[in-house]
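Colleague: Here you go, one structure.
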Protein chains: 2
Amino acid sequence: MKTPRTIENRYVVEAVVRALDLLEVFREGEELTLTEISQRVGLHKSRVFRLLQSLAARGYVERSADGIRYALGVKLIERAACVRRDLRQLALPFMQHLHTQFNETVNLAILDRQEVLYIEMLESSHPFRMAAAVGSRSPWHSTALGKAIVAHLSEDELHPLLQAERLVKLTERTITDPGQMRRELEKVRRRGYALDEGETEPGAACIGAPIFNHEGRPVAAVSLSGPAERILTNRREIVPALLAACREISRRLGFHQRSVANV
Amino acid sequence: MKTPRTIENRYVVEAVVRALDLLEVFREGEELTLTEISQRVGLHKSRVFRLLQSLAARGYVERSADGIRYALGVKLIERAACVRRDLRQLALPFMQHLHTQFNETVNLAILDRQEVLYIEMLESSHPFRMAAAVGSRSPWHSTALGKAIVAHLSEDELHPLLQAERLVKLTERTITDPGQMRRELEKVRRRGYALDEGETEPGAACIGAPIFNHEGRPVAAVSLSGPAERILTNRREIVPALLAACREISRRLGFHQRSVANV
DNA sequence: AAAAGAGGTTTCATTGTACGAAATATGAAA
DNA sequence: TTTCATATTTCGTACAATGAAACCTCTTTT
């Protein structure tokens, strides 16, 4: 179990990345025994033992009450709270306002490794609602969040995202053709917001708008999501409120140049 | 910079804990340069460089756009989402119900290293509200959350928490005497919920109740917090709703034995 | 009650990795 | 241009991290 030294990992410390890999084997709050973990990662039991001891020493994993199982530790919650703190703290009040105004699920997401990553969320209280989870991912090409961000990337950044084989068909309406996607992104750019009308999930809709940082880069997006009927019928009210919110968040991040959009 | 091997760290891997320590130097979404980090932790620049490369290789830290600074990475958000997943997922709908019912801030917290750690939160939309942050900590002895949990610990677990020097006075009303605290905890146990009437923050109040797991251990607590006037005047309605929620969450965690409380 | 089994912990010798030091590159300021 | 400050790379060496195997501890089987 040895990775050859390449340009990319020339300066990485084996023990550290192996320890970090251990954190990845825990799915959804699983509790695992030493042997299970060592089987999953294919490392020697005694090595895994020592790496786990190290992670446990700093609270990144915890022993279960019976002392026989390991689980992810609360230190992760503490540290995660510090990630993108400025953006999240800034966006949250605006998201809350949208949430009470429309009582739909409000999402804040960024683009990470070609996917949309949800970093903040307020759930609708409707019994019939849509909600992913903070920390989970969605494809960019089927979501309003993703399209809202990608529409404002440079050609260089856009190109790798538009590989046809990456535009996976999730529903009848998912855009899978690079050419069509380019036209869609052009439209998103023109009107300042993106729509997902059942492209991810049949019957579910989403309206998303981008957030720009001080350099004018699209660093995140906010969206409202829910059943297509509710979202689309309220579209005329949602869109201006969402755009105003995103414009103000962008402004506070130091963005000024041209205005974000014209509805 | 060498820590002697003791019983506790006999099996820890130096490189791993040092790497994890690097994650601790980032406060509230700070972006730091290599030199700043190496100064803060007191390790050789070139060592820090390699540890950061390793953390970056797995997404636990990220380079800033200019490539000159490091920040905590989004991988932390992903991994944190898996911590205590069962408890949080189970509690959230009940918290949401309390939130819409009373429109006060609803908190979910656990006891970690003698402190209350907030792991989930729904903020009141009142302009005048109280809200800590997910991932932040409070003393146990001044909060309803803390007292609700601690009241149900065994004498062995309770004893170290009751050291007088640990019961720091935060306001006029904070309980700082171990004997008085024992009587307070007895009361909390009897009525099934805890009150914080300005013991943490003058004018702020909080009502908290414990959640028990399948072994009957108090693993968490839910609370409603806000301005004392609102919280205490609604106490008659809040308490039964909160207790019912906590009882149901506990039941779903596998707790059955005796009922949690009698109001 | 003894034996077997399964998993966790400890010891130990050895190797090769992680380390510090110093050289080199990069980039900003003067 | 030089100077300064910081990041990156190289290199030899010490000792940290490792695999193997022994040794616990607890549960299950006979």
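Colleague: Once the label point is set 7 Å along the Cα-to-beta-carbon vector, what list of distances in nm do you get between A:Tyr11 and its counterparts in the other copies?
Modeller: Copy-to-copy label distances for A:Tyr11: 3.4 nm.
Colleague: Please report, in whole Å³, the volume per residue of the convex hull around the C-alpha atoms of the stretch B:14-79.
Modeller: Taking the convex hull of the Cα positions in the stretch B:14-79, it is 81 Å³ per residue.
Colleague: Still on this structure: Restricting to Cα pairs below 8 Å that are 6+ residues apart, what does the relative contact order work out to for chain A? Please round to a whole percent. Walk me through the intermediate numbers first.
Modeller: Values: 435 pairs, mean separation 37.1, N = 263.
The value is 14 percent.
Colleague: Taking the simple approach of a point 7 Å from Cα along Cα-to-Cβ for both B:Gln39 and A:Ala244, what is their distance in nm?
Modeller: The modelled label-to-label distance comes out at 4.5 nm.
Colleague: Per residue of A:65-78, count partner chain C-beta atoms within 10 Å of its C-beta, then hand back the mean as an integer.
Modeller: If you average over the peptide's residues, the count of other-chain Cβ atoms is 6.
Colleague: Okay, next question. With every protein chain kept in place and ligands, DNA and RNA left out, what is the accessible area per residue of the stretch B:85-252? Probe 1.4 Å, answer in Å².
Modeller: 42 Å²
Colleague: Chymotrypsin sites (Phe, Trp or Tyr not before Pro), restricted to the stretch A:74-139: which are DSSP loop and have at most 13 other Cβ atoms within 10 Å?
Modeller: A:Phe128
Colleague: Let me ask something else about it. Relative to the other copies, what are the label-point distances for B:Glu36, with labels 7 Å from Cα along the C-beta vector, expressed in nm at one decimal and sorted shortest first?
Modeller: With the label placed 7 Å along Cα→Cβ, B:Glu36 yields 4.1 nm.
Colleague: Count neighbours as other Cβ atoms within 10 Å of each site's Cβ, and list the chymotrypsin sites (Phe, Trp or Tyr not before Pro) in the stretch B:7-84 that are DSSP loop with at most 11 such neighbours.
Modeller: Working: sites: B:Tyr11, B:Phe26, B:Phe49, B:Tyr60, B:Tyr70; in loops: B:Tyr11, B:Phe26, B:Tyr60.
Counting only loop positions with at most 11 other Cβ atoms within 10 Å, none of the chymotrypsin sites (Phe, Trp or Tyr not before Pro) in the stretch B:7-84 qualifies.
Colleague: Which FRET efficiency value, to the nearest 0.05, do you get for A:Phe128 and A:Arg191 by plugging their Cβ-Cβ distance into 1/(1 + (r/R0)^6) with R0 = 41 Å?
Modeller: Details: r = 28 Å, r/R0 = 0.67.
Using R0 = 41 Å, I get an efficiency of 0.90.
Colleague: Would you jot down the residues in the stretch A:125-164 that end up with at least 40 Å² less accessible area in the complete protein assembly than in the chain alone, with a 1.4 Å probe?
Modeller: Listed by number, the residues meeting the 40 Å² cut-off are A:Gly135.
Colleague: Which residue is it, in chain B, whose C-beta lies closest to the B-to-A rotation axis, and what is that distance in whole Å?
Modeller: B:Ala80, 2
Colleague: Skipping prolines and chain starts, which residues have an amide H placed within reach, meaning under 5 Å, of the one on A:Val61, given they are 5 or more residues away or on another chain?
Modeller: For A:Val61, whose amide H was placed from the backbone, the distant partners under 5 Å are A:Ala56, A:Gly73.
Colleague: Shape call for the protein assembly as shown from the C-alpha gyration tensor, a ≥ b ≥ c root eigenvalues: rounded (a/c under 1.5), prolate (a/b greater than b/c) or oblate?
Modeller: oblate
Colleague: Provide, for the protein assembly as shown, the number of lysine pairs with alpha carbons under 25 Å apart, each pair being eight or more places apart or on different chains.
Modeller: Pairs that pass both the separation and distance tests number 15.
Colleague: Can I ask one more? Please list the non-local residues whose amide H lies under 5 Å from the amide H of A:Glu30, H modeled 1.01 Å from N, same-chain partners needing a gap of 5 or more.
Modeller: Those lying under 5 Å, H to H, from A:Glu30: there are none.
Colleague: Taking the Cβ-Cβ separation of B:Arg137 and A:Glu237 as r and a Förster radius of 45 Å, what is the calculated FRET efficiency to the nearest 0.05?
Modeller: Efficiency for this residue pair is about 0.65.
Colleague: Can you check how the C-alpha radius of gyration of the stretch B:85-252 compares to 2.2 N^0.38 Å, as a plain ratio?
Modeller: 0.94
Colleague: By the gyration tensor of its Cα atoms, with a ≥ b ≥ c the square roots of the eigenvalues, what is the shape of the stretch B:200-239: rounded for a/c under 1.5, prolate for a/b over b/c, or oblate?
Modeller: Values: a/c = 5.08, a/b = 2.15, b/c = 2.36.
Since a/c reaches 1.5 but b/c is at least a/b, the shape of the stretch B:200-239 is classed as oblate.
Colleague: Work out the mean other chain Cβ neighbour count within 10 Å for the residues of A:84-96 and drop it here as an integer.
Modeller: So the per-residue partner count for this stretch is 3.
Colleague: Just to confirm the numbers: A:Arg47, label point 7 angstrom along the Cα-Cβ line, distances to the other copies in nm, shortest first?
Modeller: 2.3
Colleague: Follow-up question, since we're still on this one. How many percent of the accessible area of the stretch A:14-79 is carbon or sulfur, using a 1.4 Å probe? Intermediate values should be presented prior to the final figure.
Modeller: Numbers: 1250 of 2670 Å².
That fraction is 47 percent.
The values are calculated or read from the model by the stated rules, or taken from the named source; none is laboratory data. Everything numeric here is computed off the predicted structure, so don't read it as measured data. FYI the Cβ positions are ideal-geometry reconstructions off the backbone, even for glycines, and counts take in every protein chain you see. For the accessible areas, the whole protein counts, side chains as well, though only heavy atoms, and no ligand, DNA or RNA atoms are used. Shrake-Rupley method; radii C 1.70, N 1.55, O 1.52, S 1.80 Å.
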